[in-house]
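*Asks:* Here it is, the structure in full.
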Amino acid sequence: MAGNGAIVEKDPLNWGAAAAELTGSHLDEVKRMVAQFREPVVKIEGASLRVGQVAAVAQAKDASGVSVELDEEARPRVKASSEWILSCLAGGGDIYGVTTGFGGTSHRRTKDGPALQVELLRHLNAGIFGPGADGHSLPAEVSRAAMLVRINTLLQGYSGIRFEILEAITKLINTGVSPCLPLRGTITASGDLVPLSYIAGLITGRPNAQATTVDGKNVDAAEAFKAAGIEGGFFKLNPKEGLAIVNGTSVGSALAATVFSKINKFEEELRSALPREIEAARVAFENGTAPIPNLIKESRSFPLYRFVREELGCVYLTGEKLLSPGEECTKVFLGISQNKLIDPMLECLKEWNGEPLPINV
């Protein structure tokens, strides 16, 4: 003991690392996320995957946008975990989900571990897609993010899955081949069992497995493997490997990391409100009746003003009547959609130390 606190020499639960992540301001975290989002390569080993990286991989169509690499240092521990399962079975061990049933059937036993994994996937393939492109599938972006998050978890080496399966899923991501996942079904309900079973179904070649290629074409499992350059045929799962893929919340995590899909609603709000407000402000400025004089260069937000006027070429408040406010709003919206707003926004805050700013009444 030292003073009133204990000396902690080890941090097995990573509480210290978690506390360190919370230091600094929200702005610091945003800056880190922006930097992570812009990385051309996401290298994962099971411990350091960040939201910005997940969002980047989700948005990229294939490795030409953002590529995913597996840390080779993870291979030995993943292999050791897989071999431990087989060794336990050879010694007559009894393992949940490997020699037993699941949940309410865990009292039942089997000696056919691979067949149990096949039956698990068949049982969980319970999603309803409906006919045609009717919106009953999760977006390809979510599928990509879910695969990334699941691989990252399995790289920790606690799940008894082969490294080769993780390499195959990585190839799907890097070639833009996205398994079709059902929109509805057990997301975050004791694990994303149903949607994740369709990822497992693709790599095992289930007849109902479907995927979308980088050019938007719907293909079956064989065509997906060919497009992704996965050789050696479909995987025949070892005991525990099916359970390893489906028993997690990777799809829910993927959805949480890609909430920017609400941009369409934001666009509708902009189109409805901004033209009217901009027109009123322009008229007031031209008539000399603006309630506040133009002191924009002295404003902390001047980098944003300069971005809109100079980089985007908008002519707000100039008296120019050739373009409608809606057309100018479109320029700004497209600039936001193309991530051009990030640097001007950070420039506005570059000298801020994170303390509360004074409020001028």
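The values are calculated or read from the model by the stated rules, or taken from the named source; none is laboratory data. Since the structure is predicted, the reported quantities are computational estimates derived from the model, not experimental observations. Here the Cβ is made from the backbone with ideal geometry for all residues, glycine too, and neighbour counts use every protein chain on show. Areas reflect the complete protein model, heavy atoms only, side chains present, ligands, DNA and RNA absent. Shrake-Rupley method; radii C 1.70, N 1.55, O 1.52, S 1.80 Å.
*Asks:* Can you tell me the dipole magnitude for segment 36-87 around its Cα centre, using point charges on the Cβ only (Lys, Arg +1; Asp, Glu -1), in Debye to the nearest 20?
*Replies:* For this selection, approximately 140 debye.
*Asks:* GNM on the chain, C-alpha springs below 10 Å: top fluctuator among TYR198, TYR305, TYR158?
*Replies:* TYR305
*Asks:* Which percent of the accessible heavy-atom area of segment 98-161 goes to carbon and sulfur, probe 1.4 angstrom?
*Replies:* Using a 1.4 Å probe with all protein chains present, segment 98-161 comes out at 57 percent carbon and sulfur.
*Asks:* Among DSSP beta bridges whose residues both lie in the chain, state the antiparallel percentage, nearest 5.
*Replies:* 65
*Asks:* Which far-off residues, 5 or more places away or on another chain, put their amide H under 5 Å from the one on THR249, with H placed in the peptide plane?
*Replies:* Result for THR249 returns ASP192.
*Asks:* Putting +1 on Lys and Arg Cβ atoms and -1 on Asp and Glu Cβ atoms, find which of PRO139, ALA56, LEU89 reaches farthest to the positive end of the dipole of segment 55-166.
*Replies:* The residue sitting most towards the positive pole is LEU89.
*Asks:* Given a 10 angstrom Cα cut-off, can you work out which residue in LEU243, LEU148, LEU346 is the most mobile in a GNM of the chain?
*Replies:* LEU346
*Asks:* Something else: Please give the net charge around THR330, taking every other residue with its beta carbon less than 12 angstrom from that of THR330, where Lys and Arg add +1 and Asp and Glu add -1.
*Replies:* -1
*Asks:* What are the semi-axes of the equivalent ellipsoid of segment 112-161, taken as the square roots of 5 times the eigenvalues of the Cα gyration tensor, listed largest first and rounded to whole Å?
*Replies:* 26, 20, 5
*Asks:* Could I ask something else about it? What does the net charge come to around TYR198 if you take all other residues with beta carbon closer than 14 Å to its beta carbon, with K and R at +1 and D and E at -1?
*Replies:* Net charge in that neighbourhood comes out at +3.
*Asks:* Follow-up. Put a dot 7 Å past each Cα toward the Cβ at GLU269 and LYS217; how far apart are the dots in nm?
*Replies:* So the two model labels end up 4.1 nm from each other.
*Asks:* State the Cα centre-to-centre distance between segment 267-315 and segment 326-342 in whole Å.
*Replies:* 14
*Asks:* Using Cα pairs closer than 8 Å and at least 6 residues apart in sequence, work out the relative contact order for the chain, in percent.
*Replies:* Contact order relative to length: 16 percent.
*Asks:* So, one more: Work out the count of Lys pairs in segment 24-119 where the Cα-Cα distance is under 27 Å, with the pair 8 or more places apart or on different chains.
*Replies:* Here the count comes out as 5.
*Asks:* Which entry is the computed Kirkwood radius over Cα pairs in Å for this structure: (i) 22.7; (ii) 24.0; (iii) 20.6?
*Replies:* Derived directly from the coordinates: (ii).
*Asks:* For a Förster distance of 30 Å, can you work out the FRET efficiency between the beta-carbons of VAL41 and ILE296, rounded to the nearest 0.05?
*Replies:* Here the calculated transfer efficiency is 0.15.
*Asks:* When only the heavy atoms of the protein chains count and the probe is 1.4 Å, how do TRP15, TRP84, TRP352 rank by accessible area, highest first?
*Replies:* Highest to lowest solvent-accessible surface, that is TRP15, TRP84, TRP352.
*Asks:* Say each of GLU351 and ASP71 gets a label point 7 Å from the Cα, pointing the same way as Cα to Cβ; how far apart are those two points in nm?
*Replies:* Distance between label points: 4.0 nm.
*Asks:* Check cross-link reach from LYS236 to the aspartates and glutamates: straight Cα distance under 19 Å, and skip same-chain residues fewer than eight apart.
*Replies:* Excluding near neighbours in sequence, the set is GLU83, ASP112, GLU119, GLU164, GLU167, ASP220, GLU223.
*Asks:* Could you do me a favour and compute the accessible area per residue for the chain, 1.4 Å probe, result in Å²?
*Replies:* 58
*Asks:* I want the local charge near GLY248. Using Cβ-Cβ distances under 10 Å, sum +1 for each Lys or Arg and -1 for each Asp or Glu among the other residues.
*Replies:* Residues close to GLY248 contribute a combined charge of 0.
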